[in-house]
Amino acid sequence: MIRILKTVKDKVVEFLRLSDEVARSNAVETIETEVEELDNIFGVLVLGSYVGMPSPPMQISLDLMPFMEKELILMMEKVDTASQPLSQLFSVLDMG
Amino acid sequence: MGKGGVGKSTSAALFSTSLAQKGYHVLLVSLDPAHNQSDIFERALSDEPVEVAPRLRVGEIDEDSWIRAYLKDVRRQINRTYSYLTAFNLDKYFSVIKHSPGLEEYALILAYEHLRNKYSGWDYLVFDMPPTALSLKFFALPSLSLVWVNHLLALRREIIEKRELITKIKLLKKEFERDKVLNKIQEQREQYEVLREAFTNPEKTQVYLVLNPDKLSHAESLRIFHSLKELDIRLYRTIYNKRPVNETCADIDPVFADIPSLNFPLSDTPLIGVQQLQRYLQANDGEVQSRLNVC
């Protein structure tokens, strides 16, 4: 009996932990998308010359480049989704 | 600074030789790709200054080698921090980047910083400047870069703030990793602020304008005066070569009236070789020394 109660208690704790995690994830989803957009803007601003955009003085880009692999990859990925801004927005707002 | 052919290199050589004769330790460096100092001192010069007279060392900056070394260093850092495939994709980008506008003046800035640190204990560092356009870009680089760096810094801080918020809510963490990009931008800001302060502080950098009695030289000198003023850099002295008798810089334009002049009397013989420079200075000792004392 005690074993059954312990199992039930563990399940309830696990359920609550997961619910908390999901709630926290949902709460920051929009901010995460916003950060991703800001990261992309930062990448385009600094490494714009790599994709043919106006860029800051070359030495500023070159000095930051070794620390910006993530932004560089994100910038390239964004090129693929750039033509479908509406579907991206629906996905952020969890619609459809 | 001054228009091409007005005698910047000869004036810099005379000025440096004169200071060395007075007992100061002087480093004369040519930032001009034309590299006239090796012709004036009749010897091959390089990035490593050599002693040409007691207390006087002369060198010439090879821009290309500074650009190559800088790009090699960036490439090395990228190879160390990037995953293999991303680094591989950047190869094509790097093969053309050495021809990018802006790297020329940055190479001069790197050489300037290196020499300023290495010879910080010396009395005078005299720089023979390149043609006007490149010289102005050299002086403008710190201010222009700071506009970008401050903007990037604000954006990066916004990103970090939001990232910290996400980490706090999702993972309940209170300690965060230092952002390497933010560190680098702050480092850049410090570097450009030090440079801008060095260029605008007359106790650290004194800009001499060399000019000739012809309309083109006058027009370019005026443009230099106004461009430097926009960058908050004041002209320290003018050197009016081949000056007509009874004419001063103030006659060219009233803006030059308040700037003291350091003029070298016209030489009968070409000023080539350190002995010739010393001989000229001895022959014109009174006039040159009295004007140097104004500095």
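Of note:
- Residues of region B:40-64 satisfying the condition of being over 14 Å from B:D128 (Cα atoms) and crowded, with 22+ Cβ neighbours inside 10 Å: B:V52, B:L56
- The helices (runs of 4 or more DSSP H) found entirely in region B:46-100 that carry 2 or more residues being away from chain A (no Cβ under 11 Å) and in contact with a helix residue (DSSP H, G or I) (Cβ under 6 Å, 6 or more places away or on another chain) are B:63-81.
- Unmet criterion (only one of (1) over 22 Å from the mean Cα position of the chain (by Cα); (2) at pLDDT below 90) for B:V74: (2)
- Number of the exception - B:T167 against (1) modelled with pLDDT of 90 or more; (2) within 30 Å of A:S61 (Cα to Cα); (3) not acidic (D, E); (4) not in a loop (DSSP other than H, G, I, E, B): (1)
- With respect to the conditions (1) within 14 Å of chain A (Cβ to nearest Cβ); (2) surrounded by fewer than 19 Cβ atoms within 10 Å (Cβ to Cβ); (3) in contact with a helix residue (DSSP H, G or I) (Cβ under 7 Å, 6 or more places away or on another chain), B:I109 lacks only one, and its number is (2).
- Assessment of region A:52-60 against the conditions (at pLDDT below 85 and either touching a His at 6+ places or on another chain (Cβ under 9 Å) or on the phi > 0 side of the Ramachandran plot (or both)) yields at least one matching residue.
- The set of residues in region B:11-41 that are part of a strand (DSSP E or B) and hydrophobic (A, V, I, L, M, F, W, C) comprises B:V26, B:L27, B:L28, B:V29.
- Among the candidates A:F42, A:F15, residue that is on the phi < 0 side of the Ramachandran plot, assigned to a helix (DSSP H, G or I) and surrounded by fewer than 14 Cβ atoms within 10 Å (Cβ to Cβ): A:F15
- One residue stands out among those in region B:112-142 that are part of a helix (DSSP H, G or I), hydrophobic (A, V, I, L, M, F, W, C) and in contact with an Asp or Glu (Cβ under 7 Å, 6 or more places away or on another chain): the one that is farthest from B:F199 (Cα to Cα), which is B:L134.
- Residues of region B:158-184 satisfying the condition of being more than 7 Å from every other protein chain (Cβ to nearest Cβ) and surrounded by 13 or more Cβ atoms within 10 Å (Cβ to Cβ): B:I160, B:E164, B:T167, B:K168, B:D179, B:L182
- Selection from region B:240-264 of residues that are buried (at least 16 other Cβ atoms within 10 Å of the Cβ), modelled with pLDDT of 80 or more and within 18 Å of B:I224 (Cα to Cα): B:Y240, B:N241, B:I252, B:F256, B:I259, B:S261, B:L262
The values are calculated or read from the model by the stated rules, or taken from the named source; none is laboratory data. Since the model is a prediction, treat every value here as computed from it, not as a measurement. Here Cβ is always computed from backbone atoms with ideal geometry, including for glycine, and neighbour counts include all displayed protein chains.
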